[in-house]
Amino acid sequence: MKSQLKALIFDVDGTLAETERDGHRVAFNQAFLYAQLNWDWDVDLYGELLEVAGGKERIKCYIETYQSNFHQPNHFASLEQFIAHLHQSKTKYYTQLLADQPIVLRPGIKRLMTEARNHQIKLAIATTAAYPNAIALLENSLDPEAISWFEIIAAGDIVKHKKPAPDIYLYVLEKMGLLPEECIVFEDSQQGLMASTQAGIKTIVTVNDYTKNQNFAEAYCVLNHLGEDDQPYVNLGGQKLENTYINLDILHQIMH
Ligand code: XBP
Ligand code: MG
């Protein structure tokens, strides 16, 4: 059955830019230091913790796994309240870091988004990260007016169940009034792919160092990045595409 391409839905962290190792991880450690916690998430440990999506959920998992004797300071009524407070501080550090030293977007992201806008293909964001964190990346690395580029920016706690649950993608589809077969998703991780696939949306995966060994059997294709005219992508799995970079022509062909 032929479906018309109407929207591109992008994950944020790892897909738009390599934000995890040098962005989120650094901000978590800054927040720990500020809270006088001697917790330090090195690059390897952070890779392990990335199995849990969502910053608050990640801190909780770390405490349960590595700091099981930890009790929140007395002025917090619960561990959840303490974690929420710590995560707010992390968000402050993260957004500041992106403003001070913008993280460059991955190849092809801005080009493809611009092409989509010029051809009335809608853009949307579906991320597990908190809203201010997603916005900080978009405004600092894509365009100061980037919020207006997107039909919907779905982030963080807006849905009850984060990725790998499909909720965030179902939410985006509902808000845009589109069917799964009218959209294509761009993801970088197995959890993200599980979420988009369960929502029934065809997904192109662009891997990064943290995700390159994950299982992407359900992806339409797996690439090292979206590519540029002078910087072709490498096709790492799934369908073979006949181009050197992902553009609307290729995406229209994928729909058929
Ligand atoms: C990635 C995540 C996020 C970030 C941290 O989201 O799991 O939790 O690591 O951001 P995605 P927060 O790949 O879906 O964009 O601390 O704001 O949760
Ligand atoms: Mg991601």
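The values are calculated or read from the model by the stated rules, or taken from the named source; none is laboratory data. A quick note: this is a predicted structure, and the numbers were derived from the prediction, not measured. Ideal geometry is used to build each Cβ from the backbone, glycine not excepted, and the neighbour counts take in all protein chains shown.
Would the stretch 42-51 turn up any residue that is modelled with pLDDT under 95 and under 25 Å from S189 (Cα atoms)?
The answer is yes; a qualifying residue exists.
Output yes when any residue across the stretch 39-46 is buried (at least 18 other Cβ atoms within 10 Å of the Cβ) and over 18 Å from A129 (Cβ atoms), and no when none is. Quick ask: steps written out before the conclusion?
Initially, the stretch 39-46 is screened for residues buried (at least 18 other Cβ atoms within 10 Å of the Cβ), giving 39, 41, 46.
Keeping just the survivors that are over 18 Å from A129 (Cβ atoms) gives 39.
Yes - at least one qualifying residue is present in the stretch 39-46.
Only one residue in A116, A99, A84 is over 13 Å from the mean Cα position of the chain (by Cα), within 27 Å of P164 (Cβ to Cβ), away from ligand 1 (no atom under 13 Å from the Cβ) and in contact (Cβ under 8 Å) with a residue 12 or more places away in the chain, so which one is that?
The conditions single out A116.
How many of the residues making up the stretch 47-64 are buried (at least 16 other Cβ atoms within 10 Å of the Cβ), free of Cβ contacts under 8 Å to residues at least 40 places away in the same chain and part of a helix (DSSP H, G or I)?
Kept after step one, since they are buried (at least 16 other Cβ atoms within 10 Å of the Cβ), are these residues of the stretch 47-64: 47, 49-50, 52-56, 58-60, 62-63.
Among the residues that remain, those that are also free of Cβ contacts under 8 Å to residues at least 40 places away in the same chain are: 49, 52, 56, 58-60, 62-63.
Keeping just the survivors that are part of a helix (DSSP H, G or I) gives 49, 56, 58-60, 62-63.
The qualifying residues number 7.
A quick yes/no check of all residues on (1) outside any strand (DSSP E or B); (2) within 16 Å of ligand 2 (Cβ to nearest atom); (3) within 23 Å of L5 (Cα to Cα):
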| residue | (1), (2), (3) |
| --- | --- |
| L173 | yes, no, yes |
| E181 | yes, no, yes |
| F186 | no, yes, yes |
| N208 | yes, yes, no |
| Q214 | yes, yes, no |
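Of all residues in the stretch 138-178, how many are more than 21 Å from A116 (Cβ to Cβ), of a type outside the set (V, I, T) and in contact with a Phe, Trp or Tyr (Cβ under 7 Å, 6 or more places away or on another chain)?
Restricting attention to the stretch 138-178, the residues satisfying the condition of being more than 21 Å from A116 (Cβ to Cβ) are 156-167, 170.
Narrowing the set further to residues that are of a type outside the set (V, I, T) leaves 156-157, 160-167, 170.
Retained after the next criterion (residues that are in contact with a Phe, Trp or Tyr (Cβ under 7 Å, 6 or more places away or on another chain)): 156.
Residues flagged as more than 21 Å from A116 (Cβ to Cβ), of a type outside the set (V, I, T) and in contact with a Phe, Trp or Tyr (Cβ under 7 Å, 6 or more places away or on another chain) within the stretch 138-178 amount to 1.
Pick from N215, N208: which is surrounded by fewer than 24 Cβ atoms within 10 Å (Cβ to Cβ) and under 17 Å from G108 (Cβ atoms)?
Details: N215 fails: under 17 Å from G108 (Cβ atoms).
Among N215, N208, only N208 is surrounded by fewer than 24 Cβ atoms within 10 Å (Cβ to Cβ) and under 17 Å from G108 (Cβ atoms).
When you check E20 against the structure, is it among the acidic types (D, E) and either farther than 29 Å from F186 by Cβ or crowded, with 18+ Cβ neighbours inside 10 Å (or both), yes or no? I'd like the intermediate steps shown before the answer.
Values: among the acidic types (D, E): yes; either farther than 29 Å from F186 by Cβ or crowded, with 18+ Cβ neighbours inside 10 Å (or both): yes.
Answer is yes for this residue.
Going by the structure shown, is V12 closer than 17 Å to L97 by Cβ, more than 8 Å from ligand 1 (Cβ to nearest atom) and not basic (K, R)? Spell out how you get there, then give the answer.
Details: closer than 17 Å to L97 by Cβ: yes; more than 8 Å from ligand 1 (Cβ to nearest atom): no; not basic (K, R): yes.
No, not satisfied.
Residues being out of contact with any His (no Cβ under 9 Å at 6 or more places or on another chain), β-branched (V, I, T) and surrounded by fewer than 16 Cβ atoms within 10 Å (Cβ to Cβ): count how many of those fall in the stretch 218-249.
Within the stretch 218-249, residues that are out of contact with any His (no Cβ under 9 Å at 6 or more places or on another chain), β-branched (V, I, T) and surrounded by fewer than 16 Cβ atoms within 10 Å (Cβ to Cβ) number 1.
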